[in-house]
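Down below is the structure, laid out as structure tokens.
The values are calculated or read from the model by the stated rules, or taken from the named source; none is laboratory data. Computed from a predicted structure; not experimentally measured. For neighbour counting, all protein chains shown are included, and Cβ atoms are generated from backbone atoms with ideal geometry for every residue, glycine included.
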Amino acid sequence: MSSPVEPLVVETEPLEPENANFSAIWSCFASTFVTIFLAELGDKTQVATLLMSAQSHNPWVVFAGASLALISTSLVGVLVGQWLAKVLKPRTLELATGSILAIVSVLLFIDVAGGL
């Protein structure tokens with residue numbers, strides 16, 4: 001005599017993030033992407049890659065080289081930023097960054113005003 005076979009029941013959890021950090025991570029990724037994309041759009045790097053692509057007639061090679069270069073510089077920025085975050089207080093980092101940007105702005109203004 002065989003015993004009745006019970007159906008196999010597998011309990012699954014809904015397809016939601018396992019923790020609350022998922023939305024914070026996505027938000028950080030999205031804001032970083034949009035900020036960097038807009039900052040790089042139309043800058044000298046993009047113009048240089050445009051010219052290199054036109055000159056070399058190898059757009060995919062230029063794309064690969066430019067992408068690797070941008071990834072490398074971004075890695076340096078992330079690693080230095082991570083180190084600075086460990087060494088400096090957030091307020092000190094904000095003040096230093098703001099001061100550097102203010103100095104660059106003033107120097108750019110002087111450069112432009114001197115050419116008028």
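Residues that are over 15 Å from residue 74 (Cβ atoms) and small (Gly, Ala, Ser) within region 27-60 comprise 27, 30, 42, 48, 53, 54, 56, listed in sequence order. Apart from one condition, residue 75 fits all of (1) more than 26 Å from residue 46 (Cβ to Cβ); (2) modelled with pLDDT of 95 or more; the exception is (1). Looking at 85, 64, 48, just one residue is among the small types (Gly, Ala, Ser), modelled with pLDDT of 95 or more and surrounded by 11 or more Cβ atoms within 10 Å (Cβ to Cβ), and that residue is 64. The residue pairs whose first member lies in region 81-92 and is within 20 Å of residue 32 (Cβ to Cβ), whose second member is of a type in the set (A, V, I, L, M), and whose beta carbons are closer than 9 Å, counting only pairs six or more residues apart or on different chains, are 81/93; 84/93; 84/96; 85/93.
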